[in-house]
Structures are given as structure tokens and as C-alpha cells.
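What follows is one structure encoded as C-alpha cells, with my remarks underneath.
The values are calculated or read from the model by the stated rules, or taken from the named source; none is laboratory data. A quick note: this is a predicted structure, and the numbers were derived from the prediction, not measured. Cβ: placed from backbone, ideal geometry, glycine included. Neighbour counts: every protein chain shown.
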Amino acid sequence: MSDDDVIICRCEDLTLKELRELLKRGYTSFDEIKRLSRAGMGPCQGKTCKQLILNEIKNYTHLEIDKIPIRPTVVRPPARPIIFKEILESENERNR
Amino acid sequence: MKETADIVIVGGGCQGVSLAYHLTKKKAGKIILLEKSYLGSGATGACAAGIRAQWGLPINCKLAIKSLEKFEQMDEELDFPGGIDLKQGGYLVLAYQEEEIVQLKKNVVLQNSLGIKSKIISPGEVRSMVPYLNTENLIEATYHQRDGYADPHKVVFAYGEASVRLGVEIRKFTPVKRIIVDEVRVMGVETDKGTIYAPIVAVTAGIYSTGLLSNIGINIPLYGERHEALVTEPLEPMVKPMIISFSLNLYCQQTPHGSFIMGCGDPHKPVGEDISSTPQFLFTMTKKITRLLPFMKKVRVVRQWGGSYDMTPDATPIIGSVSEIKGLYLSTGFSGHGFMLSPMSGELLSQLIIGETPSVDISGLNLERFQIGELIREPSVVG
Ligand SMILES: Cc1cc2nc3c(=O)[nH]c(=O)nc-3n(C[C@H](O)[C@H](O)[C@H](O)COP(=O)(O)OP(=O)(O)OC[C@H]3O[C@@H](n4cnc5c(N)ncnc54)[C@H](O)[C@@H]3O)c2cc1C
């Protein structure tokens, strides 16, 4: 299988080849890669791709994973995508 | 070894990278940009990506329309792989109150006098532009076609890459601990990896500019104010313009990727560095957006986030030199609209730094205005 066919982020279709190109251009932190490629911004919010990307960064920079710069986790709700109508209904429920 | 540069820039948000690019384009010498994290990691990365020329203050109109021109030319000029995702679907400003209409009409007259082709449109015209919009109680709206969207991350990385190609040295993950001054002139900066001596230091550190400057005895009335936003799943292209209303206190725009980014004002927004996300915002936004765009009820919210507006007392930026300390410059305090003004603010400050007369008069944006009380309040913002 070539790098072209290896999908790193299934939500946003980032391939291994594209990831390696970003690394070569100097984007060697998870947050930069996320903001440029949208990896981690889709429905799963990085739950599948984050470790894979960190591993690739590790291979490229030879930094241990805990030395790779990563922004302290900020909580970005909701935990899973939710439709506005459910939010509206839950709020009406609360006010009843 | 003693490290030196001609110009040090502190902070790599949209302001810092635009300044770096415009300085190096003018061959201003050896430039080092220091960023404590990665480029765009501050307010710029939290930005809602809106760009508009429909402002109520002459200076904001001038900076914004010239910046729009620069956004329009950016793909060609900066040659960033994949481009900056510019979308010019216009900004539709919805008005529901009589006094609001009076202000917006004044704004349109001003904008037209400065070459911004905004216009007043009727609820009927609004409906044909956005058939999905609930226009109940809408009195009138204003529209300017060249307003819209650009991807803030890509713009920052595009300026960053172009600056590096032209010789700027960008050091990521390098926080500046303090600015070094010799009473009346700037000497350089101290980082955790050593000292860099430079006769010119430009501070573009967003809300952190306040602390860096107070350390050297300069007080700037700039503070952070939390603003929240959210984004939905991507949908087919449905809504062309950015929809914004000052009386409803909200904005919402479909991005080129198909998702909708939206935000609304919060009467209880905390001051400081808090950028947490709240359920209150989610509920308020949900109520407002499902009323205005009823189809939203079935759309999924994918992510919520918060960021800091970089507020000054008159909601207008501080761009210029600091008179007490020779060689010290500022471009900050953009009060929630710094992304859309960044192409032009960077160019103007670069002109000032190299001793040219700025092509737009920015003398009214100096820091001294707060001491002498000459505030220049912008009337048209979402708070
Ligand atoms: C939710 C939200 C929505 C917004 N929507 C819009 C919009 O639609 N349109 C618009 O135009 N604007 C919008 N804004 C405002 C806009 O994001 C800001 O005005 C703009 O990004 C400010 O840019 P800056 O470069 O001055 O600051 P920042 O982007 O904050 O950059 C400052 C940089 O300095 C770095 N730094 C700080 N201290 C140090 C130090 N000691 N050493 C080294 N580096 C340091 C930081 O890490 C940061 O990267 C929005 C803001 C928010 C929060």
C-alpha cells in the first residue's frame, strides 16, 4: 500500500502522504497539522487520528511523544455531534 | 555570543506575521519573530474568520477596504499551497430597531464616500438572497458583496511561509520573558533561550501585550474578554452571505468547507484569559439561530470553543510607536476584529517603522489617545 492510500484522518480524508508533506514544510506540532489539514476537526474530534499523527511526528522529529509540543487540552463540547433541536428540547425540559 | 537583529517582533498572530511580511518585503533588515507557541495559537486561531468593510468609523472603513483588496490578491501574492479559502458572499447586516437603522444608514453613507459599495436592501431582497432566513420583524438590512470569509490559520501560515522565504527568522515555541529597555530606548528582548539585542521591538502579543509592557512601566488599557463560537457539520452550500445583527447580537456564516460558524454576545462575559466553553452559550446560540434559520434545528453542532477578544476602551486598535520609549512599536487591541484588518495594519506599521509616511493616516490610533481622552468609539460591533 502506498502512502497515498493510507488514511490518517477518516473524517477529513487526510492521507499519510499529505501528512508527511506538512511535516516537511515545518509543521511539526499536532495543533498546526490540525489547523492546516482539518484532521481532528471532523465528527470524531481527533479520537482516531490524534495518536497516529503524534506517532508520525515522533518518527519525523525523533522527539519522544511527551516532548512534542501540544496545547493543553481545552474542553471543546459537545462530546459527540448533537442536533440543535435536541439542545433546544433539553433546555425547555430544564425550564419546566 | 551576543545575538542581534534589526527588528524583533513579539507574537506570531495575524498582526505579527503580517508585520513581518511587510517589513521584509521592504528589505527592513534582519527580522526575528518570536512566538511563544505556534503561529496563530492565540486569538487568531479562535477567530470566526469574518472579513467586512461595513464599519461605522472612517479609520476602520479605510483599513478594512484596503485589507479586503489584499485578501483578494493574497493567493497570488503569497502563493500558499491550497490558498487561503477566500469566500466573498458578502455580509448581510440585519436591522430590527429604528435607532439601529439610523446608524446603519449613516454607516452606508460613510462607506460609500470611502469607496465601499454597500447598500440598503429590503426584507424582500433579503429573502431572495437567503430563502432559508426567517425575516419576521426585520425592517431593513445592509449588504456589501466583497465582505466574507478567509481562513485565519491559512492566512497566518501563508504570511509566515512567505516571510521566511524573504529572510525572516521565525522562532516558534520561544516565549519572550521581558522587553529590555535602557530608560528611554528599547534594547532588545530576553527569551528563555537567551537575549536578542535590537534597536526596534514591535509588540504584537495580543492580550499578552499588556503584561509585557507593564513590566517596563508602560500601561496600556488592553484586556481580554471571553467570546465563544461554535461550528456545525458541513452541509451543501445554502447560505451565501455572513448574517450578522447588532440588535440580535449574533453572527453566522457558512464556510467554504460547508460548516456554519456562529457566535453571539454574552452579557456576563468574563474579563481575563478565560477561554472555556459554556453550556449557557450553547443554549443561547441554539435559541437564536433556530429562530433565525429554522432549518438549523436538524443540523449537528460539532464543536464549541472560546477565545479572547483583545479589547480597548473604545473598541479600536492601538497601532504606532510608544512615545516614552524609542524603538518600541505596538499593533494590538483590535477588539474582536483584528483578523480582517491585519493585512493593512501590518503594512502601515511597517511603513512607520522604516520611516515612511503611512499610506493611511493612523496617527489617531496611537496609545496617547487614552491619556488625553480622545477616544474614537466604533459603533458597529457584536458584543
Ligand atoms: C471567538 C472569536 C471570534 C472572532 N471573530 C473575528 C472575525 O470574525 N473577524 C475578525 O477580524 N476578528 C475576529 N476576532 C478577533 C481576532 O481574532 C483578533 O482581533 C486577532 O486575531 C488579534 O490578532 P493578534 O495577532 O493581535 O493577536 P493573537 O492572535 O492573540 O496573537 C498574539 C500572539 O502572541 C503570542 N504571544 C503572547 N505573549 C508572547 C510572549 N511573551 N512571547 C512570544 N509570543 C507571545 C501568542 O501566543 C499569540 O500567538 C475574533 C476573536 C474571537 C475570540
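Annotations for the structure displayed:
- Inter-residue pairs, beta-carbon under 7 Å, first more than 27 Å from B:Leu63 (Cβ to Cβ) and in the range B:113-135, second in a helix (DSSP H, G or I) and not charged (D, E, K, R), 6+ apart: B:Tyr132/B:Phe295; B:Leu133/B:Val126; B:Leu133/B:Leu292; B:Asn134/B:Leu292; B:Asn134/B:Pro294; B:Thr135/B:Pro123; B:Thr135/B:Val126
- Any chance B:Ser209 is more than 22 Å from A:Ser29 (Cα to Cα) and either among the aromatic types (Phe, Trp, Tyr) or at pLDDT 95 or above (or both): yes
- Out of B:Val184, B:Val189, one residue alone is of a type in the set (A, V, I, L, M, F, W, C) and at pLDDT below 95. It is B:Val184.
- For B:Ile243, the conditions (1) more than 13 Å from the ligand (Cβ to nearest atom); (2) away from chain A (no Cβ under 14 Å) all hold with the exception of (1).
- Filter result for B:Ile243 (at pLDDT 95 or above, within 20 Å of B:Pro152 (Cα to Cα) and of a type in the set (Val, Ile, Thr)): yes
- Identity of the residue in the range B:187-224, hydrophobic (A, V, I, L, M, F, W, C) and over 27 Å from the mean Cα position of the chain (by Cα), that ends up farthest from the ligand (Cβ to nearest atom): B:Met187
- Residue in the range B:18-27 that is surrounded by 22 or more Cβ atoms within 10 Å (Cβ to Cβ), more than 24 Å from B:Leu213 (Cβ to Cβ), hydrophobic (A, V, I, L, M, F, W, C) and more than 17 Å from the chain's Cα centre (by Cα) present: no
- Candidates B:Phe334, B:Phe370 - the one that is surrounded by 16 or more Cβ atoms within 10 Å (Cβ to Cβ) and within 14 Å of the chain's Cα centre (by Cα): B:Phe334
- Residue tally, condition modelled with pLDDT of 95 or more and more than 10 Å from the ligand (Cβ to nearest atom), over the range B:246-256: 5
- Looking only at residues in the range B:23-50 that are under 29 Å from B:Met242 (Cα atoms) and more than 6 Å from the ligand (Cβ to nearest atom), the one that is nearest to the other protein chains (Cβ to nearest Cβ) is B:Tyr38.
- Criterion: β-branched (Val, Ile, Thr) and assigned by TED's automatic domain parsing to the domain that holds B:Gly346 - qualifying residue of B:Val108, B:Val10: B:Val10
- In the range B:225-240, the residue that is nearest to the ligand (Cβ to nearest atom) out of those that are part of a loop (DSSP other than H, G, I, E, B) and acidic (Asp, Glu) is B:Glu233.
- Strands (runs of 3 or more DSSP E) (entirely within the range B:133-218) containing at least 1 residues that are in contact with a Lys or Arg (Cβ under 8 Å, 6 or more places away or on another chain) and buried (at least 20 other Cβ atoms within 10 Å of the Cβ): B:140-144, B:176-182, B:185-191
- Qualifying residue in the range A:15-24 (condition: at pLDDT 90 or above, more than 10 Å from chain B (Cβ to nearest Cβ), in contact with a strand residue (DSSP E or B) (Cβ under 8 Å, 6 or more places away or on another chain) and outside any helix (DSSP H, G or I)): yes
- A:Arg76 at the interface with another protein chain (Cβ under 9 Å from one of its Cβ atoms) and not in a strand (DSSP E or B): yes
- Hey, B:Met296 crowded, with 22+ Cβ neighbours inside 10 Å, more than 16 Å from the ligand (Cβ to nearest atom) and either among the charged types (D, E, K, R) or within 14 Å of chain A (Cβ to nearest Cβ) (or both) or not: yes
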